[in-house]
Amino acid sequence: KAGVTQTPRYLIKTRGQQVTLSCSPISGHRSVSWYQQTPGQGLQFLFEYFSETQRNKGNFPGRFSGRQFSNSRSEMNVSTLELGDSALYLCASSLRQGAGNTIYFGEGSWLTVV
Amino acid sequence: DAKTTQPPSMDCAEGRAANLPCNHSTISGNEYVYWYRQIHSQGPQYIIHGLKNNETNEMASLIITEDRKSSTLILPHATLRDTAVYYCIVRVTYSGGGADGLTFGKGTHLIIQP
């Protein structure tokens, strides 16, 4: 069974640009969440989607957005990139939303903003 | 902020059991304890999670105290590949079953010595 798949794995963007990252959850999983990992702030929750609706949101500015499609695949977008957005962006999926569900992470997308 | 406290680092000899402690004194009755590990530059790997009872799977055992204020992750026969940062997470849960995203603290850097 394939795991959580994220694309692209590595990318470099220029300050002010925007970026879109993609995530394919484990087959059958309907909840997808996104996390940002930086050396200074550690792993931080961005948002969670279930049934194409955002269910939870972390403490990030509006430049960070996401969406989920009917096949549960998800994308996240960061607009007007800043140097501090350089990070590992992780996608995770679970069967359902809510407590007690096992959450599996992908290998992440490394974003460098120059 | 994370609701857990873990030692920043631990050593364990290869072949011995690794016991990783975690304090979560403010845990609520319907909040789960999750354990993940992360090897440098990879996505977090799910290990185990539990609510009240002890849990065991092919990777590890989770022992939760009766008052639920602390837990211990046990890797029964540690190998060099178990060297990683281990995160103990209490997932904030709402009435009705909804839950926050995972809040990662700084974790415990477990080093398996040959």
Problem set entry | Spin-label model distance (nm) - B:Glu66 vs A:Thr5, 7 Å beyond Cα toward Cβ | 5.0
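Run through the DSSP bridge list for the protein assembly as shown and note the antiparallel percent, rounded to the nearest 5.
Just about 90 percent of them are antiparallel.
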Seminar exercise, completed: Once amide hydrogens are built 1.01 Å from N within the peptide plane, the residues lying 5 or more places from A:Thr5 or on another chain with amide H under 5 Å from its amide H are A:Ser24
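Take the residue pairs A:Lys57/B:Lys69; B:Lys69/B:Lys106; A:Lys57/B:Lys52; A:Lys57/B:Lys106 and return only those whose Cα atoms are more than 24 Å apart.
Working: A:Lys57/B:Lys69 27 Å; B:Lys69/B:Lys106 19 Å; A:Lys57/B:Lys52 27 Å; A:Lys57/B:Lys106 21 Å.
Among A:Lys57/B:Lys69; B:Lys69/B:Lys106; A:Lys57/B:Lys52; A:Lys57/B:Lys106, the Cα-Cα distance tops 24 Å for A:Lys57/B:Lys69; A:Lys57/B:Lys52.
Given a 1.4 Å probe, how much area per residue of chain B is accessible, in Å²? Don't skip to the end; give the middle numbers.
Details: 5730 Å² over 114 residues.
That works out to 50 Å² per residue.
Mind checking region A:1-93 for chymotrypsin sites (Phe, Trp or Tyr not before Pro) that DSSP puts in a loop (not H, G, I, E or B) and that have at most 14 other Cβ atoms within 10 Å?
On the way: sites: A:Tyr10, A:Trp34, A:Tyr35, A:Phe45, A:Phe47, A:Tyr49, A:Phe50, A:Phe64, A:Phe69, A:Tyr89; in loops: A:Phe69.
In loop regions of region A:1-93 (DSSP not H, G, I, E or B), the sparsely surrounded chymotrypsin sites (Phe, Trp or Tyr not before Pro) are A:Phe69.
How high is the FRET efficiency from B:Lys52 to B:Thr79, r the C-beta distance, R0 41 Å, rounded to 0.05? Before the final figure, lay out each step's value.
Details: r = 30 Å, r/R0 = 0.73.
Efficiency, from the Cβ-Cβ distance: 0.85.
What's the average, rounded to a whole number, of partner chain beta-carbon atoms within 10 Å of each residue's beta-carbon in B:37-46?
On the way: counts 0, 4, 0, 0, 5, 6, 14, 10, 2, 6.
Mean inter-chain Cβ contacts per residue within 10 Å come to 5.
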For this session: Can you tell me how much longer the chain between A:Gln54 and A:Thr80 gets when fully stretched, taken as 0.36 nm per residue apart minus their C-alpha distance, in nm with one decimal?
Result: 7.2 nm
Exercise. Using a 4.7 Å Cβ cut-off, which Cys residues in chain B lack a partner cysteine?
Worked result: B:Cys12
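The values are calculated or read from the model by the stated rules, or taken from the named source; none is laboratory data. Quick caveat, the model's predicted, so the values are computed rather than measured. Don't worry about glycine lacking a Cβ; one is built from the backbone with ideal geometry, like all the others, and counts go over all protein chains shown. Please note that ligands, DNA and RNA were not included when accessible areas were found on the heavy atoms of the full protein model with its side chains. Shrake-Rupley method; radii C 1.70, N 1.55, O 1.52, S 1.80 Å.
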